[in-house]
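Chemist: Got a structure for you, written out below as structure tokens; questions coming shortly.
The values are calculated or read from the model by the stated rules, or taken from the named source; none is laboratory data. Computed from a predicted structure; not experimentally measured. As a convention, Cβ positions derive from the backbone with ideal geometry for all residues, glycine included, and neighbour counts pool all protein chains shown. Heavy atoms of the whole protein, side chains included, go into the accessibility calculation; ligands, DNA and RNA do not. Shrake-Rupley method; radii C 1.70, N 1.55, O 1.52, S 1.80 Å.
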Amino acid sequence: MILDQVEKETDKKYLKRIQDYYTRTAPGRKRSKWIVPYPLFVDSELSLGAQAADLCLHCVNWGFRRPEWKFRGAKRDDIHEEFAGLCGELQYRGTSVENGRERRLFGIFFVPDPFTARPRPR
């Protein structure tokens, strides 16, 4: 769930309510292993993690490309040369087995059009 920033005091109160739920209630503690530790509406003044994530995303957007993506969009060579290798090393890598076939998984992937749904296998 993505929440828009409202105003800082309202956001801080909401953040406290979320924190209390996940730290002070039995269902919240049980469910806490499934969530991101900070809500996604946090602006960078409230969390240094948001600043770090913004910087990483900037490097991925402008410099990280995988050959199999066949991505033809613009990139910044300075960011690509400095950070693409690091992004590749930091991303999640794993495998999944679907219908008896092993498939490679990556934490960073290319979505050509985020507004169009992919066809689902039947």
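Chemist: Can you pull the accessible area of residue 92 for me, 1.4 Å probe, Å² to the nearest 10?
Modeler: Ignoring ligands and nucleic acids, residue 92 comes out at about 130 Å².
Chemist: Another one. With r defined as the distance between the Cβ atoms of residue 15 and residue 58 and R0 fixed at 30 Å, what FRET efficiency is calculated, to the nearest 0.05?
Modeler: With a Förster radius of 30 Å, E is 0.75.
Chemist: Could you calculate the FRET efficiency of residue 103 with residue 24 from 1/(1 + (r/R0)^6), where r is the beta carbon distance between them and R0 is 35 Å, rounded to 0.05?
Modeler: The formula returns an efficiency of 0.30 here.
Chemist: Please compute the net charge surrounding residue 106, taking Lys and Arg as +1 and Asp and Glu as -1 over other residues with Cβ under 13 Å from its Cβ.
Modeler: Result for the neighbourhood of residue 106: +3.
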